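Data first, discussion second: the structure below is written as structure tokens.
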2 protein chains.
Amino acid sequence: MRTSDVFDLLRDGQPRTRADLAEVSGLARSTIASRIDALMRLGLVAPYGGGRSTGGRPPALIAFNPGAHVVVGVDLGATHAVAALSDLSGQVLGEVRADLDIADGPDPVLAWVTQAVRDLVGTHHRSMSELAAIGMGLPGPVEHSTGRPINPPIMPGWDRHDVVGHLRREIDVPVLIDNDVNIMALGERHQHLPSEADLVFIKVSTGIGAGIISGGRLQRGAQGTAGDLGHVHVAGSDDVVCRCGNRGCLEAVAAGPALAASLRSSGVDAETAHDVAQLVRAGDLNAVQVVRQAGRDLGEVVATLVNLINPSVVVIGGSLAVADEQLIAGIREIVYQRSLPLATQHLRIVPSVAGERAGVLGAAAMAIEHVLSPEAIEASTLSLVEPALPAG
Amino acid sequence: MRTSDVFDLLRDGQPRTRADLAEVSGLARSTIASRIDALMRLGLVAPYGGGRSTGGRPPALIAFNPGAHVVVGVDLGATHAVAALSDLSGQVLGEVRADLDIADGPDPVLAWVTQAVRDLVGTHHRSMSELAAIGMGLPGPVEHSTGRPINPPIMPGWDRHDVVGHLRREIDVPVLIDNDVNIMALGERHQHLPSEADLVFIKVSTGIGAGIISGGRLQRGAQGTAGDLGHVHVAGSDDVVCRCGNRGCLEAVAAGPALAASLRSSGVDAETAHDVAQLVRAGDLNAVQVVRQAGRDLGEVVATLVNLINPSVVVIGGSLAVADEQLIAGIREIVYQRSLPLATQHLRIVPSVAGERAGVLGAAAMAIEHVLSPEAIEASTLSLVEPALPAG
């Protein structure tokens, strides 16, 4: 039983006595005492009830101490940036945002990020030594092992840039990087669906992508490209050429630009996913029909995804998803018709609750996950309580 | 650092000294000594070099001791049963097989299983106390948490039968149950592709299904139905009705019975996937074309799977896969055309090497995984070395 396992017993926030912990873990009281000492020195747990008791006797209750450290989550989009300061329970303490063009390249954008981190920490009267990690989402493919963007289509100047090294030269804490859809999946789960172990988050906007959580863990695949829904082939769309060079990709028929183009061809003024969503909300019948059909096209791919992955919840987010319930209605129509009863009997297809904040919440959640991971706790504990004797 | 973590350092089979282990783990020598004691008492590690040294000094090297315990893997098919005795390294010590009709129901089939386990253990001069677990695959959907078959189409009498309880009343060791395709994925990986963390095994036979390993773990999904390829919709096949009641399912156009029916309509005598495979091997041009087209239909779904899951290897098994390279050629043709370069640049699509033995090897691997899992080791260790003091 490691120190991190003892921490796991306290992670739910319930205060417990050392005797409780010994009983549920089966560990000796002396073992529990040394593990708790280590966790207190790391600042992860604290006496419950507000510090030292006055009677000399140590306080009986111990609890997770989420306020001792903070993390910053950053969501970089094509033209916006948001950063949020959060404690280790995921509670947001403060947020800053800016209009920022990702195409300006790493130097100005990451300079904003480091300044935002320092400002957030300072404004909220925390010290940089309390900052435990930074999590960040980028609007393009990221090689997870290195945190480097790989051929990101809308991020000129970022290809294979060492984002982690760049940030750590300014602020030396662990930095975790992932693509925007993966962190949106984490954010939605962490904030609104914590008990769901099998969740897929689909973002429908200028592009279409998915973040896949299976068995409680984000699944990135061999090259980090898992969840690439946008370039799945849709039946009967072979006349449409996609920007990837293939024909009949989902993105080429059901993402924002395709729907806007379809509306323009019937004389309506629309350019972006956002314009299309506004037209739907305004009751434009043409736009309603176009979005409903996009939902059906998406539904074909989601039905396959349900058969292959068997999630319990599919969350629909992104700027097109806010277009009322039309998109989701189209998706449901096809999924419940096409997928097997055993896979759909408990399946929910729901709009994102986190909405625009899914990304920044997920970036913070990714940082917290790292700080509270058994590996990070063991690594910190090891240097603290179990110095290795010289071998030989 | 738990006992199981110390075991993980020895699992590769390399003998190591206590000093080596202290150095790589960073643990104190005294901690290593007590962990190794526990693992020796569990029989999982042993002095390397054949037992006690004679000089009074304890032997310096310690190694994983895979022969101390055995497991039995069982693969139940529609009309066959195979059971294999294996040590904890996955080396098969003996095998028995029988023609057995799964439709006879749980009583006679599970009676064969318990007898086969006892026979294998006895024949190979092991005692039942050395048997650490039984792993078993069933030809139908299994609820993983309970090991019960759920509405299995070809297993009358088995629906929701308590297979684990049934076997444990006879032989009281841990029993792990899963569906046949999942254990085939485990078997192929364990035996032939141990370094692949993202592997999909597709079985093409009377039905079509997949076992999905992502991030090194079998992914079963929320209801255990993940990998259900057979009922994914294939474009342009809406005139074909599937046994599930839907139209245009992959299984209804590309599995054995569909191909046999297509061959019969042109006057060739074929009933099963096996017949079709034989015709291909005999060079029947009609059969070659039919299987090649089935490969292309499969390829459409595999291309989607590659986009969604991003595996590094797709293994094709089952009785149709042995039909030369025709099936795989058809799959490759579509996947490399349809999937994105980043997902396919390192992707391999290969025939199963384990073949008919993938199932029984995987069932044994599932049992070994359980015996060597941190949870199982910790649970055994806890009762051994760290008795809880009375709480209070």
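The values are calculated or read from the model by the stated rules, or taken from the named source; none is laboratory data. What you are looking at is a predicted structure, and each value in this text was computed from that prediction instead of being measured. FYI the Cβ positions are ideal-geometry reconstructions off the backbone, even for glycines, and counts take in every protein chain you see.
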Item to complete: Mind counting the residues in segment B:271-287 that are closer than 22 Å to B:Gly355 by Cβ and either assigned to a helix (DSSP H, G or I) or within 14 Å of chain A (Cβ to nearest Cβ) (or both)?
Response: 10
Worksheet item: Looking at B:Leu384, B:Leu342, B:Leu389, which is the one that is modelled with pLDDT under 95, of a type in the set (A, V, I, L, M, F, W, C), part of a helix (DSSP H, G or I) and over 22 Å from B:Val71 (Cβ atoms)?
Response: B:Leu342
Worksheet item: How about segment A:23-37: which of its residues are within 13 Å of A:Ile62 (Cα to Cα) and either within 12 Å of chain B (Cβ to nearest Cβ) or buried (at least 16 other Cβ atoms within 10 Å of the Cβ) (or both)?
Response: A:Ile32, A:Ala33, A:Arg35, A:Ile36
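Going by what's in this entry, would A:Arg296 be described as within 14 Å of chain B (Cβ to nearest Cβ) and in contact with a His (Cβ under 6 Å, 6 or more places away or on another chain)? It would help to see each step written out before you state the result.
Values: within 14 Å of chain B (Cβ to nearest Cβ): yes; in contact with a His (Cβ under 6 Å, 6 or more places away or on another chain): no.
So A:Arg296 does not fit the description; no.
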Worksheet item: Mind checking which residues of segment A:196-220 are buried (at least 24 other Cβ atoms within 10 Å of the Cβ) and at the interface with another protein chain (Cβ under 7 Å from one of its Cβ atoms)?
Response: A:Ser214, A:Gln219
Fill in: Complete set of residues in segment B:315-347 that are under 23 Å from the mean Cα position of the chain (by Cα) and within 11 Å of chain A (Cβ to nearest Cβ)
B:Leu347
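Could we say that B:Ala185 is outside any strand (DSSP E or B), touching a Pro at 6+ places or on another chain (Cβ under 9 Å) and aliphatic (A, V, I, L, M) here?
no
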Worksheet item: Applying the selection to segment A:144-179, what residues are within 14 Å of chain B (Cβ to nearest Cβ), of a type outside the set (D, E, K, R) and surrounded by fewer than 20 Cβ atoms within 10 Å (Cβ to Cβ)?
Response: A:His144, A:Ser145, A:Ile150, A:Asn151, A:Pro153
Worksheet item: So, of the residues in segment A:227-250 that are in contact (Cβ under 8 Å) with a residue 60 or more places away in the chain and under 13 Å from A:Thr304 (Cα atoms), which turns out to be nearest to the chain's Cα centre (by Cα)?
Response: A:Leu229
Worksheet, complete the sentence: Here the residues within segment B:1-17 that are away from every other protein chain (no Cβ under 11 Å), part of a helix (DSSP H, G or I) and among the charged types (D, E, K, R) are B:Asp8
Item to complete: Could you identify the single residue in A:Val290, A:Val268, A:Val306, A:Val232 that is farther than 27 Å from B:Val302 by Cα and either crowded, with 23+ Cβ neighbours inside 10 Å or within 11 Å of chain B (Cβ to nearest Cβ) (or both)?
Response: A:Val290
Response to the item:
Residues in segment A:38-61 that are within 17 Å of A:Gly13 (Cα to Cα) and either surrounded by 15 or more Cβ atoms within 10 Å (Cβ to Cβ) or at pLDDT 80 or above (or both) total 12
Worksheet item: Going by the conditions given, is A:Pro141 crowded, with 17+ Cβ neighbours inside 10 Å and either assigned by TED's automatic domain parsing to the domain that holds A:His231 or touching a His at 6+ places or on another chain (Cβ under 6 Å) (or both)?
Response: no
Item to complete: Within segment B:150-175, track down each residue that is modelled with pLDDT of 95 or more and either closer than 30 Å to A:Gly227 by Cα or part of a helix (DSSP H, G or I) (or both).
Response: B:Val163, B:Val164, B:Gly165, B:His166, B:Leu167, B:Arg168, B:Arg169, B:Glu170
